[in-house]
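Below is one structure, written out as structure tokens; the observations come after it.
Every read-out reported here was derived from the displayed coordinates using simple, explicitly stated rules and does not represent laboratory data. Since the model is a prediction, treat every value here as computed from it, not as a measurement. Note that we place each Cβ from the backbone using ideal geometry, even for glycine, and neighbour counts take in every protein chain shown.
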Amino acid sequence: MNKDVLSLDDLSRESGVPSESLTEWTETKLLKPAGFTDGKAPLFAAAGLDRVAHIKRLADLGYGTEEILKIIKKVGLPRDGHGRKHAAHKDRFLTVGNLAERSGVSPRTIKHWEDKGIIEPDMRTEGGFRLYSDSYVFLCQLIRDLQLFGYTLEEIKAVSDDVRTLLAIEADPDSLSQSEVEKRLAAMLEAIRALFDKMKLLEEGVERWQDLLKKKKKDILALQTKNRKRGKAATEASHG
């Protein structure tokens, strides 16, 4: 999880630059957000504080925005501690509320899943806001599906842990010994087989219920028609 991300207010507080100036610098491309929340609010990499300080020094010397743009274009961007320019990654991040709305679960449920260690935010701003990538929408829907399959939160956490382990192995196969990788992959395959078995039982159960409900719906409609005819006959008899 990346905690090196700042909201506009965080950046203002950390840099001592008014948020109005930061907004102007962002609109004129002096500052480039690392991403955005789903509500379009900009997010900045904490490492970008150096760039803000660089711009602030020029502004304090009396240079206007257009002049600063020309100076930076001419002399280049400030560099990080590794001598590399920062690349802007235009990712969109979701707040808890955005994620809840798009995945169809409540913010309280997402918080509960976090407390259980099932999901973890991609980022936290210095101000404490939890942020998630778009992929968490699908993940939350999958977690909800597992609950419908009858999985407990502890079992779902085991699945979530397996996914994280798989991603780690894919990213760096040498991070674990060959025997440990084999052991963990075998356990994942067994978990997949178990899930397939449970899904098969669920599919068979759904099919039984669909057949039953279709039949009972027909029976109920037939009884409803018969009862209405009975009522009509009783009404006609009372007027006869």
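Report, in debye and to the nearest 20, how large the dipole of the chain comes out about its Cα centre when Lys and Arg carry +1 and Asp and Glu carry -1 on their Cβ.
Rounded to the nearest 20 debye, it is 1460 debye.
Can you say what percent of the DSSP beta bridges in the chain, counting only those with both residues inside, are antiparallel? Round to 5.
If we restrict to bridges inside the chain, about 65 percent are antiparallel.
Would you indicate which of (1) 0.94; (2) 1.26; (3) 1.53 is the value of Rg/Rh (Cα atoms, Kirkwood Rh) derived from the coordinates of this structure?
(2)
Could you give the distance between the Cα centres of segment 179-196 and segment 204-240, to the whole Å?
51 Å
How would you order 98-109, 165-176 from highest to lowest mean count of nearby Cβ atoms within 10 Å?
Result, highest mean Cβ count within 10 Å first: 98-109, 165-176.
Defining a contact as two alpha carbons under 8 Å apart and six or more residues distant in sequence, what relative contact order in percent does segment 91-175 show?
Worked out over segment 91-175, it gives 30 percent.
Please report the equivalent ellipsoid semi-axes of segment 91-175, computed as sqrt(5 x eigenvalue) of the Cα gyration tensor, largest first, in whole Å.
21, 19, 11
Going toward the positive end of the dipole of the chain, with +1 on Lys and Arg Cβ and -1 on Asp and Glu Cβ, which of Ser175, Ser19, Leu58 do you reach last?
Ser19
Using only helices, what value at 222 nm comes out for the chain when you add -39,500 (n - 2.57) per DSSP H run of length 4 or more and divide by the total residues, to the nearest 500 deg cm²/dmol?
Computed mean residue ellipticity for the chain: -21000 deg cm²/dmol.
How do His239, His112 line up, fewest other C-beta atoms within 10 Å first?
If I rank by nearby Cβ atoms, fewest first, I get His239, His112.
Tell me, what is the FRET efficiency for Asp115 and Phe138 to the nearest 0.05, using R0 = 30 angstrom and their Cβ-Cβ distance as r?
With a Förster radius of 30 Å, E is 0.90.
Within the set Lys116/Lys198; Lys32/Lys116; Lys157/Lys216, which residue pairs have Cα atoms separated by over 27 Å?
With Cα atoms farther than 27 Å apart: Lys32/Lys116; Lys157/Lys216.
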